[in-house]
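Derivation of every value follows stated rules applied to the coordinates shown; laboratory data play no part. Here the structure is a predicted model, which means the values were calculated and not measured. As a convention, Cβ positions derive from the backbone with ideal geometry for all residues, glycine included, and neighbour counts pool all protein chains shown.
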Amino acid sequence: MLTHWNRVDDVFNFQREVDRIFNQFWSDLPARSSAANGSAQSFHVNATDDGWRIDIPIPGIDPKDVNLDVAGNTLSIRAEASDRQNQPGVGRYEQSFTIPAFLDLEKLSASHRHGMLRLTLPLKESVKPRRIQIETQDEGQKQLASR
């Protein structure tokens, strides 16, 4: 018995599987966080078609006071802000993430807007879906057919 191939179902199944892996990874991740007031900082992760976007609230911290360090597959974020009297420790954030191998840390980008740090981690090219062209021979002429 032949199974009918449906590209749309395959795309949705792939997306569901990526979402499942993504959600499992972040729920199992032992996040390390510390803040000056003792409360844990939060972050929000979204899977996009091209990779992951991580939004981290860091209100009151100047982007110049934020350090992003990558070592292997670990991304560390450290930030500390001072109040107007230059007293250290007024605002502090520290977090480390283990980044999955299918994300490209070499192309990590960061932006800051209205107290929100946004990290964008694209998928590696090797894991992105791609279309394969099928070469056919028809009456001595080569033609490309795509499915």
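At 7 Å along the Cα-to-beta-carbon direction for both residue 124 and residue 76, put a label point, then send me their distance in nm to one decimal. Taking the simple label geometry, residue 124 and residue 76 are separated by 2.3 nm.
Where does each of 68-74, 54-60 land if you order them by average Cβ count within 10 Å, highest first? Write out the running numbers ahead of the final one.
Details: 68-74: 10.9, 54-60: 16.3.
Averaged packing, sorted descending, gives the order 54-60, 68-74.
Projected label points at residue 10 and residue 53, each 7 Å from Cα along the beta carbon direction, are separated by 2.9 nanometres.
Amide hydrogen proximity for residue 117: with H placed 1.01 Å from N in the peptide plane, the residues at 5 or more positions away or on another chain lying under 5 Å are 56, 58. As a calculated quantity, the FRET efficiency between residue 46 and residue 134 at R0 = 35 Å, using C-beta atoms, amounts to about 0.50.
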